[in-house]
Structures are given as C-alpha cells and as structure tokens.
Amino acid sequence: MAPLDSNVKNQILAYLKNHHVVTLATHGPQGLWAAAVFYASDGLNLYFLSSPNSRHSMNLAAASRVAATIQEDYKAWPEIKGIQLEGEAVRLEGLERAAALACYGAKFPLIGDLTQAPLEIAKAMSKVAWYKLVPETMHFIDNAQGFGHRESLRCGE
C-alpha cells in the first residue's frame, strides 16, 4: 500500500460529501451481485437503505463483507476520480437505525421529515432496512495526477 498522503482522508471526505451513489458488490446464496444505492456519510462510514428482499440485502444477511465504488460517469480517462473501498455492511436497528435516518435525512431532505414526504415515499420508507457500511480500506483514484494514480487509507488508523 502506498504511503498515506496527509490530504487523502480530506479528499475522500470531500468526495463522499459531494456524491450520492455507491455501487456495492456483495456475495451470498445467489452468487455475486452489484447494486447502486444512494448513501449519506458520517465521516468515512456510509449509510444506505434498501428493501430487505433485494438480492444485495439477502447477500448482506449471509455475508457482510463488501467492496464498493463511488464515481461519476466520466468520458475521458484523465478525468477519472473516485473511491474504491472494502469493508463491512451491517443492518441497523434501534438507536443506530435512527442515527442513520437522521444522517440520511440531512443529505436528502425529502426523507428527513417523512410527515412532509409524498405518501408513496413515506409508505416505502416504512418497509426499508437501514445499513451502515464501515470501510476498512479506501483508495482515492485521481487520473488527473497520472493514469491509475491511487492513494490509500486504512480507516482504522
């Protein structure tokens, strides 16, 4: 792993704040799967919601280890920036679930106050499962600094 640049954590935090979709790679009883979900971040941790019956949720129930990416749809390789990560995604209950909803609602105000949300969204929100993705390692990709330029962060350090 490359030496840690003192700015890499700040670059990752800014990128997380300014983007909205993480693509999760999971594995479980039905095999490998990838799914894009909206997320909100609290530090390096990501919160997301999903139907408990979705393939990725069923995979997470069987195996919590995940890999994930966050990036835009760039047209030219020198523009590519993004995050690759690996970690653990766990389903939340109780106070942790409430904290996830508060964090998510701050990023996506439509969800923040369900009494003001359209009925269809409020009903759907009553059926979702909440998850917390805790990264162990994150890599910040920035091709503007050279093809394949990548800086790494061990999240527990």
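The values are calculated or read from the model by the stated rules, or taken from the named source; none is laboratory data. The structure presented is a predicted model; accordingly, all values stated were derived computationally and were not measured. Counting neighbours? That spans all protein chains shown, and the Cβs are built from the backbone with ideal geometry, glycine included.
Considering only residues in the stretch 46-89 that are of a type in the set (Phe, Trp, Tyr) and more than 10 Å from the chain's Cα centre (by Cα), the one that is nearest to Gly112 (Cα to Cα) turns out to be Tyr74.
Restricting the stretch 116-157 to residues that are in contact with a helix residue (DSSP H, G or I) (Cβ under 8 Å, 6 or more places away or on another chain) and of a type in the set (Ser, Thr, Tyr), the residue that is farthest from Arg55 (Cα to Cα) is Ser152. Apart from one condition, Tyr104 fits all of (1) exposed (fewer than 15 other Cβ atoms within 10 Å of the Cβ); (2) touching a residue at least 24 places away in the same chain (Cβ under 8 Å); (3) of a type in the set (Ser, Thr, Tyr); the exception is (1).
Can you find, within the stretch 107-157, the residue that is surrounded by the most Cβ atoms within 10 Å (Cβ to Cβ) among those that are within 27 Å of Tyr74 (Cα to Cα) and β-branched (Val, Ile, Thr)? Applying the filter and picking the extreme gives Ile141.
Name the residue that is nearest to Thr23 (Cα to Cα), counting only residues in the stretch 103-157 that are assigned to a strand (DSSP E or B) and among the polar types (S, T, N, Q). Steps first, please.
To start, the set of residues in the stretch 103-157 that are assigned to a strand (DSSP E or B) comprises 129-142, 150-154.
Restricting the remaining residues to those that are among the polar types (S, T, N, Q) gives 137, 152.
Numbers: Thr137: 16, Ser152: 19 Å.
By that ranking, first place goes to Thr137.
Contact annotation: residue pairs with Cβ atoms under 6 Å, 6 or more positions apart or on different chains, pairing a residue in the stretch 58-79 that is under 20 Å from Leu46 (Cα atoms) with a partner that is assigned to a loop (DSSP other than H, G, I, E, B), are Ala62/Pro29; Ile70/His19.
Pairs are defined by a Cβ separation below 9 Å, a sequence spacing of at least 6 or placement on different chains, a first member in the stretch 20-31 that is closer than 29 Å to Pro109 by Cβ, and a second member that is of a type in the set (Lys, Arg); the pairs so defined are His20/Lys107; Thr26/Arg55; Thr26/Arg65. Checked against (1) outside any helix (DSSP H, G or I); (2) of a type in the set (Gly, Ala, Ser); (3) under 20 Å from Thr137 (Cβ atoms); (4) free of Cβ contacts under 8 Å to residues at least 60 places away in the same chain, Ala14 passes all but a single condition, namely (1).
Candidates Gly87, Gly105: the one that is out of contact with any His (no Cβ under 7 Å at 6 or more places or on another chain), at pLDDT below 95 and either within 22 Å of Glu151 (Cβ to Cβ) or of a type outside the set (D, E, K, R) (or both) is Gly105.
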